[in-house]
2 protein chains.
Amino acid sequence: MKDINVGLIGLGTIGKGVYEALLSNCDILSKRTGLNIAVTAVCEKDKNAIKAVNPDKSVKVLSLEEIVKAEDVDVIVELMGGINPAKEVLINALKNKKHVVTANKALLSDHSKEIFTVAEENNRVVCFEASVGGAIPVIRVLRESFVANNIDTIYGILNGTTNYILSEMADKAYSFEKALKIAQEKGIAEKDPDLDVSGKDSAHKLAILSILGFGSQVCSEDIYTEGIESLSPQDIDNAKKWGYSVKLLAIAKNTSKGLQLRVHPTLLPVTHLLSDVNEADNAVFIKGDLIGESLLFGKGAGSKPTASSVIADIVSAGKIISSGEKNTDEKMVYSSQEFNLDKIEDLEVSFYLRFSVIDKPGVLAGISSVLAKNDISIANVAQEERNMGETVPVIILTHMAKEGDMKKAVEEINKLDCISADTVVIRIEE
Amino acid sequence: MKDINVGLIGLGTIGKGVYEALLSNCDILSKRTGLNIAVTAVCEKDKNAIKAVNPDKSVKVLSLEEIVKAEDVDVIVELMGGINPAKEVLINALKNKKHVVTANKALLSDHSKEIFTVAEENNRVVCFEASVGGAIPVIRVLRESFVANNIDTIYGILNGTTNYILSEMADKAYSFEKALKIAQEKGIAEKDPDLDVSGKDSAHKLAILSILGFGSQVCSEDIYTEGIESLSPQDIDNAKKWGYSVKLLAIAKNTSKGLQLRVHPTLLPVTHLLSDVNEADNAVFIKGDLIGESLLFGKGAGSKPTASSVIADIVSAGKIISSGEKNTDEKMVYSSQEFNLDKIEDLEVSFYLRFSVIDKPGVLAGISSVLAKNDISIANVAQEERNMGETVPVIILTHMAKEGDMKKAVEEINKLDCISADTVVIRIEE
């Protein structure tokens, strides 16, 4: 039985989960892996967090500077989050010949090349299964199981908080604000929810998956990103009537024009498997030339699901240690392959449009002539409310159209006299 | 770049797929893995199959005896299927210090202990991702990604042929025989379909997943198995009216009474994700104490999807070779942990029952009194057809009841004068 000593940085929800799961499931872990994994040092500035974990007396409480070079630590588990000082901590740990396990998507999405170069120089690994999709093993599956595939498309629901909010809005007709408040009360949304609801968290995760899938060093800034803040239960309800759910999708496609990378609310047919992914669950579709289409579904966040992935990564590092540091990890995480970005203006999709119009004759003619002028053809129109002289919604579903054309058309339509509020535009995926 | 030489046994659909994918995707494979994987020898008794693959002149065509000890072969890929001589071939290859990749579920489900013992003695690995679920990475995910979990339940659709037949029966109201014929014409079902339609193939796969998930050396004979041969489109249509789909499920649960292992047609709520798994697709749910519930979905068979898994396994073996044979593979595949089987008679589920009754007053009273006597309570009854004196169907959905009680009740009911054919019994999972 080989001892694997873990230095755990960050004892928040996830850190506590890792500490506790390593204790509760140590029997099955050692039986399956031949490794005796134990936390030997922790680092956490919040004393209450340390108290909540109540580590064994043998566990050292160290500073950041101390833990990354502690002699009795083989693997550093970084769960502090954020870019600084996490980046420095990881790099120092690697230089001190520690393997690293991290759940830090913000850091990896934008600094992976630097970090993985240091890792290679020091013959150590950086494992990051927990950075995307909680318990969903998408990192390992992309890197190992689907290693023989040319990956074509990766898309899915990568953020549990927004999926929970959208589920509440769909099921209970809550406003975004009310659904967010409930999510915060339940601990599903953070006090400052911006990173989640703006789509940025999904973009970080999509960047990591794109690096692995396409071998291109994209970063989160390359990803066109829209959040869910401006969605109304009215739009979700309208979508349902037309046979669609509304999900915040992260989409990466390898097209002939380049990489198409985008995060935005999307109408999906209710028959699509992703339409059945509700609450805080996550799911990722991967399309490859050999596998066809494959889906991974599971808990996208939470203490125990994330701990499951962190511990699987500790085991991976532990096996390398027990093999005498024979690191055979593939190199796909820091390829610097050139790539073109497919501009969002060139995107061709169909659209859901909700116009706020003053109800009077000729309004639809005005809107549809602007759409026609911009090469946008209409698939369906509905104006269910009537209220002469007042604002009523008009819903239009379009055929496939260019994003750039749609932008121009909507700008022009928003200036029409009969339009009383900005038009709501949501993309549709079939 | 490390050369990995593959000896490929069996050049049928899968073997051809592996050979071709290794050629077509060799660039991306070597870039991602640092390995130069090439087939250097093949073994196939059907000369037409060899001709169809048209191997390069440098590839040797060898006999079974020759290929397992060929000096320029590092990894044996066994795709011949069946128990004999596949078992001997695998064992000889391991004794000759070859790593082994196999898709042979029948062999692994019942002989894994012997094979993995030889593998350990020779410090070589046996990789078998392609044995369950085609492109679905369930073996790797269970062994590596979910290694920290106590696994509670594994269930899913593990056979593409039967799922295709059931989809056709549901969509087009075809009989089992007609749907089977179409599946055979499309190459989805074998000429001799027994292994698939009887549920035995699903049982082989469930045995392998149970060994990995529960660490118990179960074999396919431990699994209660029913096929889909006696299902009628009428039952599938009735199920739909009540909000259920009909799927051939493989179910393994770790209960307080022991392992519950079963393969049988099952009514599933249409809102369940597995109800949306159609055609020849497969899907597996895994429940663990950390991950909660996780789903893997994808192509369950076919040349390219299976080749994807076979090649991922060749890469795993190749990494061990390039690390200097530092095999850190965990031991979970041949645990000989004692286990109890939960008897099928003790199973408690709700049931769908279709009685063929002679339409006359008092019939329902007769049936329901036998059910009541056996502690089975009724949730719903429907007799939609009326035809005095003729046979009409009566459908009953029950509350949770014991399988043993149900068996006794149905035996008694089948003997009633008013019953004109054996009662159809299908279990329901909620």
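Since every read-out is calculated from the coordinates, none of them should be taken as a lab result. Since the structure is predicted, the reported quantities are computational estimates derived from the model, not experimental observations. In this analysis, Cβ positions are derived from the backbone assuming ideal geometry, glycine residues included, and neighbour counts consider all displayed protein chains.
Data table
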item: Loop-located trypsin sites (Lys or Arg not before Pro) in the range B:138-239, at most 16 other Cβ atoms within 10 Å (DSSP); result: B:Lys186, B:Lys191
item: All-pairs Cα distance distribution in the range A:241-310, expressed in whole percent, bin size 5 Å; result: 3, 12, 18, 23, 19, 15, 6, 2, 0
item: Per-residue Cβ neighbour rank within 10 angstrom, fewest leading, B:Thr266, B:Thr255; result: B:Thr255, B:Thr266
item: Residue-by-residue Karplus 3J(HN,Hα) for the range B:58-71, coefficients 6.51, -1.76, 1.60, Hz, glycine and proline x; result: 6, 7, 7, 9, 10, 7, 4, 5, 6, 5, 6, 10, 4, 5
item: Neighbour-count ranking [beta-carbon atoms within 10 angstrom, fewest first] of B:Ile378, A:Ile223; result: B:Ile378, A:Ile223
item: Over the range B:29-71, relative contact order from alpha-carbon pairs under 8 Å, at least 6 apart, %; result: 40
item: Cα Rg over Rh - the range B:1-133, Kirkwood; result: 0.95
item: Residue mean of other protein chain beta carbons inside 10 Å, A:268-275; result: 1
item: Ascending list, in nanometres, of distances separating the A:Ile182 label from those of the other copies (7 Å, Cα toward Cβ); result: 4.2
item: Residue-wise HN-Hα coupling along the range B:264-273, computed from phi with Karplus coefficients 6.51, -1.76, 1.60 (Hz; x: Gly, Pro); result: 6, x, 9, 7, 10, x, 4, 7, 6, 4
item: Length-normalised contact order for chain A - Cα pairs under 8 Å, 6+ apart - percent; result: 16
item: Calculated label separations, B:Asn96, copies of the chain, 7 Å along the beta-carbon direction, nm; result: 5.0
item: Neighbour cut-off at most 12 other Cβ (10 Å), DSSP loop, trypsin sites (Lys or Arg not before Pro), the range B:392-430; result: B:Lys415
item: Within a Gaussian network of chain B (alpha carbon springs, distance under 10 Å), most fluctuating of B:Leu180, B:Leu64, B:Leu166; result: B:Leu64
item: Label 7 Å beyond Cα on the Cβ vector: A:Ala52 copy-to-copy distances, nm; result: 6.0
item: Descending principal axes extents, the range A:346-428, alpha-carbon based, whole Å; result: 38, 22, 18
item: Candidate lysines - alpha carbon under 17 Å from A:Lys186, same-chain residues fewer than 8 apart omitted; result: A:Lys172, A:Lys178, A:Lys299, A:Lys304
item: Shape category assigned to chain B from the gyration tensor of Cα positions, a/c cut at 1.5; result: prolate
item: Nearest residue to the symmetry axis between A and B, taken on chain A by its Cβ, in whole Å; result: A:Lys326, 2
item: Relative contact order (%) - the range B:138-299, alpha-carbon pairs under 8 angstrom, separation at least six; result: 34
item: Using θ = phi - 60° and Karplus 6.51 cos²θ - 1.76 cosθ + 1.60, couplings along the range B:287-293 (whole Hz; Gly, Pro as x); result: 10, x, 6, 9, 6, x, 10
item: Kirkwood hydrodynamic radius of the range B:140-283, Cα pairs, Å; result: 15.6
item: Top of A:Gly156, A:Gly34, A:Gly15 by mean-square fluctuation, Gaussian network on chain A, Cα under 10 Å; result: A:Gly34
item: Amide hydrogen neighbours beyond the local backbone of A:Val101, cut-off 5 Å, H modeled; result: A:Ile76, A:Val77, A:Glu78, A:Cys127
item: Proximal charge balance of A:Ala203 [Cβ under 12 Å; K/R count +1, D/E count -1]; result: -2
item: Local net charge near A:Ser145, Cβ-Cβ under 12 Å (Lys/Arg +1, Asp/Glu -1); result: 0
item: Average projection area in nm² (convex hull over Cα atoms of the range B:276-430, one quarter of hull surface); result: 14.9
item: Value of Rg to Rh for the protein assembly as shown (Rh from inverse mean 1/r over Cα pairs, i.e. Kirkwood); result: 0.99
item: For B:Asn104, net neighbour charge (Lys/Arg +1, Asp/Glu -1) across residues whose Cβ lies under 13 Å away; result: -3
item: For B:Thr423, B:Thr162, order by how many other beta-carbon atoms lie within 10 Å, fewest first; result: B:Thr423, B:Thr162
